[in-house]
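Report on the structure given below.
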Amino acid sequence: MGLMKQAYETYCALEKKYAGRYCDEMKEPLVPISHQIANADIEITLNADGKLLNAAMMDKAHAAVIIPVTELSAGRTGDTSCAHPLCDQIRFLTPLYPEKYAAYLTQLHAWENSAFQHPKLHAIARYVEKGTILDDLEQFGLIERNDDGLPVKEKQVVCWRVETGVSGDTPECWRDRTLFQSFIDYYASTQNRETAFCMVSGQCTALASQHPKKIITANGNANAKLISANDSSGFTYRGRFT
């Protein structure tokens, strides 16, 4: 059995029990499909209407969180305007970066208004639409701004807690498996691409235009990939797949 097939079948065997769950025996949780691990810097807490309740720095011991990603955002590089669907850097959440802010809200609204909507999305969208995140974080003493009013650390990642008031609900978006499933179903519904035979799964599936990085985040290698097709230089992928 080849390496890729072993990796695929191992994931399939563990997915139902472990995907999206945080447990002591695993340094990082097994990530659901259409999601990725990110190191969050700031945690913002909202109520169900999108009113700000609190903001704090993330505990470094628990900073590795699960976030939804698209195929494009999972492999984004450099100064891009390709937004993650929910948790992202500060510069995507403020109108002071118009292109990034518009990209973030456009994507969030599309998910929020889809057949796979989730209550937490409404709260987050209403808050981000206010455009007050920099003022709010500054009041909590969590950021510094330069002479242009922009955050000095513009790439700090924000994650969300939403206190819905519903009994048994999980406030942390990075632990809410109903939210994970909401995005998985929504993102799958947007995929209308050419299919081809997959040499790993043995099924006809949608063709990938690029492969995600951050495969091995625990050791700090944020750019590691399982599959790469552009290794004439840089050598992101050090291996072989025929």
How many nm separate the modelled label positions at ASP79 and GLU194, each set 7 Å beyond the Cα in the direction of the Cβ? 3.4 nm
Under a GNM of the chain (C-alpha, springs under 10 Å), which listed residue has the highest mean-square fluctuation: SER189, SER167, SER81? SER167
Hey, could you pull the Cα Rg and Dmax for the range 76-144, both in Å? 12.4, 39
Bin width 10 Å, alpha-carbon pairs only: give the P(r) of the range 146-210 as whole percents, running from 0 to the bin holding the largest distance. 15, 24, 24, 26, 9, 1
Using a probe radius of 1.4 Å on heavy atoms only, what accessible surface per residue do you get for the chain? Whole Å² is fine. 56 Å²
Lys and Arg at +1, Asp and Glu at -1: add these up for the other residues within a Cβ distance under 11 Å of ALA48 and post the number. 0
With +1 on each Lys and Arg Cβ and -1 on each Asp and Glu Cβ, and nothing else charged, work out how big the dipole of the chain is about its Cα centre, in Debye to the nearest 20. 840 debye
So, with a 1.4 angstrom probe, what is the percent of accessible area on the range 132-213 that is carbon and sulfur? 47 percent
Alpha-carbon Debye profile of the range 2-119, log10 I(q)/I(0) at 0.11, 0.16, 0.24 Å⁻¹: -0.47, -0.97, -1.49
Stick to Cα atoms and the Kirkwood definition of Rh, then tell me Rg/Rh for the range 1-43. 1.05
Distance in nm between label sites at PHE140 and ALA61, each 7 Å beyond Cα in the beta-carbon direction? 2.1 nm
Over all directions, average the projected area of the Cα convex hull of the range 54-211 and note it in nm². 11.4 nm²
Send over the semi-axes of the range 22-63's equivalent ellipsoid, whole angstrom and largest first, taken as the square roots of 5 times the C-alpha gyration tensor eigenvalues. 24, 14, 9
Pairwise Cα inverse-distance average, inverted: Kirkwood Rh of the range 101-178 (Å): 14.3 Å
Between LYS51 and LYS17, how high is the FRET efficiency from 1/(1 + (r/R0)^6) when r is the Cβ-Cβ distance and R₀ = 45 Å? Nearest 0.05. 0.80
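The values are calculated or read from the model by the stated rules, or taken from the named source; none is laboratory data. Worth saying up front: this structure is predicted, and the values here are computed from it rather than measured. When we count neighbours, we look across all protein chains shown, and the Cβ atoms used for this are built from the backbone with ideal geometry, even at glycine. Ligands, DNA and RNA are excluded from the accessible area calculation, which covers all protein heavy atoms including side chains. Shrake-Rupley method; radii C 1.70, N 1.55, O 1.52, S 1.80 Å.
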